[in-house]
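Below is one structure, written out as structure tokens; comments come after it.
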Amino acid sequence: KVFPQVKKALEVLQMNVVEAPGFEADDVIASIVLSQSPRRKRGEDSRDANFKSEEEGEDQAAELEEELQASEVSCWGSEELQIDVASPDKDFFQLLQYDKVRLLRPYKSKANSDSYPLRGMAYQAYTEQSFREEFQGLAPEHFTDVLALAGDSADNVPGVKGIGPKTAIKLLKEFGDLDTIIANAPSIKGKVAREALSTPEGAASAKLSRRLVDLTGQEQSAVFRFVGSSSSDNGGGASGDKAVLALESLAFRRPDDGGREALALLARYDLRSLVPRVEKLWEELDKRS
């Protein structure tokens, strides 16, 4: 009963909703990111630059570019957009490997809440550099391998028994990626990790966990195909198995009635604290139009 009301509220607020039957929200969000930034930064793959030569990095980038050109993933026209994913979900860390992507995450502390706009609400921009600082120099591509080893009880990701985040990061810095770690399991110095990853069960659990948390695979890239205003296909129909959405259909703007219905709805559900935030946003949109 609640969810339809939430969707109605978003509709009234002119906040567009993108849905895909059979896909979870994180897959849909990842699909949007992949449609805009379908390639990794040149010279980077699933291993950090410390573990390969410059020539190897160039070869990997060239191979990836060829794959992407054949994948039918379309960007939103020629214009590069800044993509901000507003979510505290750490699974989105892996999307930081793509150009012009950052996460907007709520501040953990409200020590300086007096300086926050609009009743103490604020987000911090979490970037690729932020990730590297938190994960001891690892690139965002490594995040799925971190969870593959350490697991995530909140999302029922098993990981490998006896391996936590610190050990996972240490192993990745030493060996480079999950597959290399498993291949070299007998040479791991720590007894617990060595024994766990040397068993078929441990290796299988790690690989299963990686599949569970990966948001950058074919499943996500197949959800939608986005097109820009310059395309002849501006949002109608579908392309293969993909739904086609026009960029303009996702634009946020002031409601056609000037916001009267939206403000009445906020008052009805006793959400008056949101009124100044919504009005401020509409004012900013009016200035840009």
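The values are calculated or read from the model by the stated rules, or taken from the named source; none is laboratory data. On a predicted model such as this, the values are computed, not experimentally measured, just so you know. With ideal geometry, Cβ positions are generated from the backbone for all residues, glycine too; neighbour counts draw on all protein chains shown. Ligands, DNA and RNA are stripped out before the accessible areas are found, and what is left, the full protein with its side chains, is counted by its heavy atoms. Shrake-Rupley method; radii C 1.70, N 1.55, O 1.52, S 1.80 Å.
The table below gives the values:
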| quantity | calculated |
| --- | --- |
| First in segment 145-173 and of a type in the set (S, T, N, Q), second anywhere and in a helix (DSSP H, G or I) and buried (at least 24 other Cβ atoms within 10 Å of the Cβ), Cβ under 9 Å, 6 or more apart | Thr167/Leu149 |
| Any pair with Cβ under 9 angstrom, 6 or more apart, that starts in segment 97-111 at a residue that is at pLDDT 85 or above and ends at one that is in a strand (DSSP E or B) and among the small types (Gly, Ala, Ser) | Arg102/Ala125; Leu103/Ala86; Leu103/Ala125; Leu104/Ala86; Leu104/Ala125; Arg105/Ala86; Arg105/Ala125 |
| Members of segment 258-273 that are open to solvent by 50 Å² or more (accessible area, probe 1.4 Å), free of Cβ contacts under 8 Å to residues at least 24 places away in the same chain and in a loop (DSSP other than H, G, I, E, B) | Asp270, Leu271 |
| Long-range neighbours under 8 Å by Cβ, at least six apart or interchain, first residue touching a residue at least 24 places away in the same chain (Cβ under 8 Å) within segment 1-13, second open to solvent by 70 Å² or more (accessible area, probe 1.4 Å) | Ala9/Tyr269; Val12/Glu261 |
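To keep it simple, each residue is scored yes or no on (1) surrounded by 14 or more Cβ atoms within 10 Å (Cβ to Cβ); (2) in a helix (DSSP H, G or I); (3) of a type in the set (D, E, K, R).
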| position | (1), (2), (3) |
| --- | --- |
| Glu141 | yes, yes, yes |
| Thr144 | yes, yes, no |
| Leu147 | yes, yes, no |
| Lys166 | no, yes, yes |
| Asp179 | yes, yes, yes |
| Lys189 | no, no, yes |
| Glu195 | yes, yes, yes |
| Glu201 | no, yes, yes |
